[in-house]
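The values are calculated or read from the model by the stated rules, or taken from the named source; none is laboratory data. Model, not experiment: these values are computed from the prediction. Cβ atoms come from the backbone with ideal geometry, glycine included; neighbour counts cover every protein chain shown.
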């Protein structure tokens, strides 16, 4: 079964004594729809960045669980109908980790295709790009350059 993470924010209209009841209700929803291996983390009350449904503070909670894919939509619909939850997000962690690894591979390919000076141009040390490019010059490049110089010097330019 895929692993999911549900993060929710409870409205400030929910008093501190009601928070355990509401979080227990959310855990009951998860278990009713077939959720297993349920782990809950309460992040506490925090100030929101902007008002949401006339609420300035919210209680944050996170629930990790495993559930069958088709039942996730039913759980989503049930959570959506709760008026005590002002915001929530339900994420498939398996897909998220897969997408993250693909993004890292793409970024690694992008860095390999960029010239060395472009990769190190954003570093904070001045002159670092020049040092690295000159240090990466191999003996083969030096020999090839010497051969080109010799060929240019031996070339008959009087033609």
Quiz prompt | Unique match (being at pLDDT below 80, part of a helix (DSSP H, G or I) and more than 30 Å from residue 29 (Cα to Cα)) among 105, 140, 125, 150 | solution = 140
Practice problem: Return the only residue of 50, 60 being in a strand (DSSP E or B), at pLDDT 90 or above and more than 18 Å from residue 3 (Cβ to Cβ). | Solution: 60
Quiz item: How about region 1-16: which of its residues are over 19 Å from residue 59 (Cα atoms) and buried (at least 18 other Cβ atoms within 10 Å of the Cβ)?
Solution: 4
Quiz item: residue 19 is checked against (1) surrounded by fewer than 17 Cβ atoms within 10 Å (Cβ to Cβ); (2) more than 26 Å from the chain's Cα centre (by Cα); (3) in contact (Cβ under 8 Å) with a residue 24 or more places away in the chain and fails just one. What number does that condition carry?
Solution: (1)
Quiz item: How many of the residues making up region 75-94 are in contact (Cβ under 8 Å) with a residue 12 or more places away in the chain and either farther than 20 Å from residue 60 by Cβ or assigned to a strand (DSSP E or B) (or both)?
Solution: 9
